[in-house]
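The values are calculated or read from the model by the stated rules, or taken from the named source; none is laboratory data. Note that this is a predicted model, so its numbers are computed, not measured. Counting neighbours? That spans all protein chains shown, and the Cβs are built from the backbone with ideal geometry, glycine included.
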Amino acid sequence: MSRRAERHRRTKETEVTVALAIDGTGRVEADTGIPFLDHMLDQLGTHAGFDLSVRARGDLDVDLHHTVEDTGITLVAALAEALGDKVGVRRFASGCFPLDEALMLVALDLSGRPYLAYEVDPVAEWIGTFDPQLAEEFWRAFAFASGITLHLRSLAGRNGHHVIEAGFKGVARCLRDAVRVEGATVPSTKGAL
């Protein structure tokens, strides 16, 4: 089974190309024009064990918002295509993920029902050139474009970089667990996800 996909999204504001292999080695190439987002995508691919290539160009002179959001949409569109009908996947995953003083609770369900619960207080006004509020926008696009139920809750943390990075690493590790194939049927009493 080859669980891989490539997706391309072009709007008046952005152009994003993503190539993803779920059963990869954690090799990541990210070039979005937003250094902190590139760093977070590197965390996501590496800790999920995905091979991930992301190239994005957007109207960064206006704001980072469009590029961050469309990157999330395109990434998860590739993930959804690579997962296909989700036969045999574990589906659920959760855990607590530390990064120094930060501690993030992450839970997700590859349910086909989009939902985001994001309980992360902004702990920094800016991280380099990145507005920390955009992390929530990334995860909202990610959850809603894919039909993933996603919860992120900050349990501790003072450093904004650490808090957001713990969230990306936590989602990555949960994805790694949830996409693991361990059965031969769709894990749902409905017969479809």
I'd like the full set of residues that are farther than 15 Å from residue 104 by Cβ and touching an Asp or Glu at 6+ places or on another chain (Cβ under 7 Å), limited to region 149-179.
149
Could you give me the residue pairs with C-beta distances under 9 Å whose first residue belongs to region 9-28 and is on the phi < 0 side of the Ramachandran plot, whose second residue is of a type in the set (Ser, Thr, Tyr) and assigned to a loop (DSSP other than H, G, I, E, B) wherever it lies, and which are 6+ apart or on separate chains?
16/32; 21/2; 23/2
If a residue must be more than 16 Å from the chain's Cα centre (by Cα) and part of a strand (DSSP E or B), how many such residues does region 147-159 contain?
3
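To keep it simple, each residue is scored yes or no on (1) assigned to a loop (DSSP other than H, G, I, E, B); (2) within 21 Å of residue 41 (Cβ to Cβ); (3) among the charged types (D, E, K, R); (4) touching a Leu at 6+ places or on another chain (Cβ under 7 Å).
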{"site": "78", "(1), (2), (3), (4)": "no, yes, no, yes"}
{"site": "81", "(1), (2), (3), (4)": "no, yes, yes, no"}
{"site": "96", "(1), (2), (3), (4)": "no, no, no, yes"}
{"site": "105", "(1), (2), (3), (4)": "no, no, no, yes"}
{"site": "108", "(1), (2), (3), (4)": "no, yes, no, yes"}
{"site": "124", "(1), (2), (3), (4)": "yes, yes, no, no"}
{"site": "138", "(1), (2), (3), (4)": "no, yes, no, no"}
{"site": "145", "(1), (2), (3), (4)": "no, yes, no, no"}
Restricting to region 54-87, and then to whatever is without any contact (Cβ under 8 Å) to a residue 60 or more places away in the chain and not aliphatic (A, V, I, L, M), can you tell me which residue is nearest to residue 182 (Cα to Cα)?
55
Scan region 30-76 for residues that are more than 14 Å from the chain's Cα centre (by Cα) and part of a loop (DSSP other than H, G, I, E, B) and report the count.
9
From the options 99, 134, 103, residue that is buried (at least 17 other Cβ atoms within 10 Å of the Cβ), more than 16 Å from the chain's Cα centre (by Cα) and within 20 Å of residue 38 (Cα to Cα)
99
Report whether or not residue 140 is closer than 29 Å to residue 35 by Cβ and charged (D, E, K, R).
yes
Mind telling me which of the residues 46, 67 ends up being among the polar types (S, T, N, Q) and either modelled with pLDDT under 95 or farther than 17 Å from residue 23 by Cα (or both)?
67
Give the residues of region 106-119 that are surrounded by fewer than 21 Cβ atoms within 10 Å (Cβ to Cβ) and not aromatic (Phe, Trp, Tyr), sorted by residue number.
107, 109, 111, 112, 113, 114, 116, 117, 119
Among residues belonging to region 1-29 that are of a type outside the set (Ser, Thr, Tyr) and over 27 Å from residue 181 (Cα atoms), point out the one that is surrounded by the fewest Cβ atoms within 10 Å (Cβ to Cβ).
12
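Taking the condition under 19 Å from residue 76 (Cα atoms) and among the polar types (S, T, N, Q), does residue 154 pass?
Working: under 19 Å from residue 76 (Cα atoms): no; among the polar types (S, T, N, Q): yes.
Judged against the criteria, residue 154 is not a match.
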Within region 160-192, considering residues that are among the charged types (D, E, K, R) and assigned to a helix (DSSP H, G or I), the one surrounded by the most Cβ atoms within 10 Å (Cβ to Cβ):
165
Which pairs do you get when a residue that is closer than 15 Å to residue 120 by Cβ, found in region 91-103, comes within reach of a residue that is charged (D, E, K, R) and in a loop (DSSP other than H, G, I, E, B), reach meaning Cβ atoms under 8 angstrom, with the pair 6+ apart or on two chains?
101/158; 102/158
